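Everything below concerns the one structure shown next.
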Amino acid sequence: MIQLEQVTKVYHQGTKTITALQNISLEVRQGEFVSVMGPSGSGKSTLLHIIGTLDDPTTGRVSVGGELLSEQSDQERTLFRRRKIGFIFQFFNLLPGLTAEENVALPIMLDGQRFSHRRKDIKELMERVGLSHRSNHRPDELSGGEMQRVAIARALIIQPLVLLADEPTGNLDSHTGREILDLICEVNQKEKTTVILVSHDLSAASLAHRIVKLRDGMLQTDS
């Protein structure tokens with residue numbers, strides 16, 4: 001499903017060179033749930049961004065779902081990301097001027113689909129994440145946990161091959177965070193969606209089938 005072969009990512013900041021990832025080789029199978037851990041600056045988010053085509057490797061090969069992304073054009077990667085990759089971020093990234101259900105619909109609307117044609121799917125997702133009663137509320141009228149549930153529904157509306165979650169409980173209390181993790185686990189178990197979760201929290205990471213640990217941009221352990 002996901003294959004990284006000798007992936008290195010180097011950033012240049014003025015005269016400084018920063019190696020965020022160094023010769024990372026990793027394989028994730030279809031339907032697997034993998035947690036990525038490591039201290040700040042270890043390359044966790046960079047790894048996630050490269051898998052999700054938000055960033056390009058400096059060297060190495062990346063393939064997802066049989067697509068060799070590292071050799072595609074920017075437009076091809078954009079379309080692949082829009083249609084195949086679901087993202088959940090720590091800071092929700094909801095548009096403040098849209099209602100909850102409009103935020104959920106955003107990925108498909110950007111892809112040229114009409115809201116009216118997917119209204120049933122949107123309403124079913126809002127019900128699934130427990131927010132059918134909050135569909136017409138804007139983000140500033142929602143709690144942190146509710147906003148993250150909207151973000152999960154938004155990630156699922158495209159029926160993604162891969163769900164990438166970057167510290168999805170980082171801004172939530174422990175109880176709400178656990179509810180969000182349970183929802184992510186449910187998606188993995190019931191729909192066999194491949195999940196990669198970045199977290200500092202060992203209790204969150206332990207829900208995964210595997211834990212991959214990074215340090216200084218290098219793969220430390222994979223168990």
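I need the full set of residues from segment 23-57 which are farther than 22 Å from Leu181 by Cα, modelled with pLDDT of 95 or more and surrounded by fewer than 17 Cβ atoms within 10 Å (Cβ to Cβ), in order please.
Asn23, Ser25, Glu27 - these are the residues of segment 23-57 that are farther than 22 Å from Leu181 by Cα, modelled with pLDDT of 95 or more and surrounded by fewer than 17 Cβ atoms within 10 Å (Cβ to Cβ).
Would you point out which residue out of Ser203, Ser223 is surrounded by fewer than 18 Cβ atoms within 10 Å (Cβ to Cβ), without any contact (Cβ under 8 Å) to a residue 24 or more places away in the chain and over 23 Å from Ala151 (Cβ atoms)?
It is Ser223.
Pull up segment 174-190, narrow it to residues that are out of contact with any helix residue (DSSP H, G or I) (no Cβ under 8 Å at 6 or more places or on another chain) and in contact (Cβ under 8 Å) with a residue 24 or more places away in the chain, then point me to the one that is surrounded by the most Cβ atoms within 10 Å (Cβ to Cβ).
Filtering segment 174-190 for residues that are out of contact with any helix residue (DSSP H, G or I) (no Cβ under 8 Å at 6 or more places or on another chain) and in contact (Cβ under 8 Å) with a residue 24 or more places away in the chain, the one surrounded by the most Cβ atoms within 10 Å (Cβ to Cβ) comes out as Asn188.
For Thr221, state whether it is among the hydroxyl-bearing types (Ser, Thr, Tyr) and assigned to a helix (DSSP H, G or I).
The answer is no for Thr221.
For segment 6-29, check the following and say yes or no: at least one residue is hydrophobic (A, V, I, L, M, F, W, C), under 30 Å from Arg138 (Cα atoms) and in contact with a strand residue (DSSP E or B) (Cβ under 6 Å, 6 or more places away or on another chain).
no
Filter segment 84-115 down to the residues that are without any contact (Cβ under 8 Å) to a residue 12 or more places away in the chain, outside any helix (DSSP H, G or I) and not small (Gly, Ala, Ser) and list them by number.
Gln113, Arg114
Would you confirm whether any residue within segment 137-145 is under 22 Å from His49 (Cβ atoms), crowded, with 16+ Cβ neighbours inside 10 Å, among the aliphatic types (A, V, I, L, M) and touching a helix residue (DSSP H, G or I) at 6+ places or on another chain (Cβ under 9 Å)?
Checking segment 137-145: not a single residue is under 22 Å from His49 (Cβ atoms), crowded, with 16+ Cβ neighbours inside 10 Å, among the aliphatic types (A, V, I, L, M) and touching a helix residue (DSSP H, G or I) at 6+ places or on another chain (Cβ under 9 Å).
Strands (runs of 3 or more DSSP E) wholly in segment 1-83 with at least 3 residues that are among the aliphatic types (A, V, I, L, M) and more than 15 Å from Leu164 (Cα to Cα) - which ones?
Once the strands (runs of 3 or more DSSP E) in segment 1-83 are filtered for at least 3 residues that are among the aliphatic types (A, V, I, L, M) and more than 15 Å from Leu164 (Cα to Cα), what remains is 2-13, 16-28.
Got a number for residues in segment 191-210 being out of contact with any helix residue (DSSP H, G or I) (no Cβ under 7 Å at 6 or more places or on another chain) and in a helix (DSSP H, G or I)?
Residues in segment 191-210 being out of contact with any helix residue (DSSP H, G or I) (no Cβ under 7 Å at 6 or more places or on another chain) and in a helix (DSSP H, G or I): 4 in total.
Mind telling me which of the residues Arg128, Arg81, Arg114 ends up being among the basic types (Lys, Arg) and under 20 Å from Thr176 (Cβ atoms)?
Arg128
Looking only at segment 68-89, which residues are in contact with a Pro (Cβ under 7 Å, 6 or more places away or on another chain) and within 20 Å of Ile158 (Cα to Cα)?
Arg82, Lys84, Ile85, Gly86, Ile88
Got a number for residues in segment 89-132 being surrounded by fewer than 18 Cβ atoms within 10 Å (Cβ to Cβ), under 13 Å from Glu146 (Cα atoms) and in contact with a helix residue (DSSP H, G or I) (Cβ under 6 Å, 6 or more places away or on another chain)?
The total comes to 1.
Of the residues that sit in segment 158-173 and are under 23 Å from Arg83 (Cβ atoms) and surrounded by 20 or more Cβ atoms within 10 Å (Cβ to Cβ), which one is nearest to the chain's Cα centre (by Cα)?
It comes out as Leu164.
Got a number for residues in segment 47-69 being touching an Asp or Glu at 6+ places or on another chain (Cβ under 7 Å) and touching a residue at least 60 places away in the same chain (Cβ under 8 Å)?
Number satisfying all stated conditions: 1.
The values are calculated or read from the model by the stated rules, or taken from the named source; none is laboratory data. On a predicted model such as this, the values are computed, not experimentally measured, just so you know. Cβ atoms come from the backbone with ideal geometry, glycine included; neighbour counts cover every protein chain shown.
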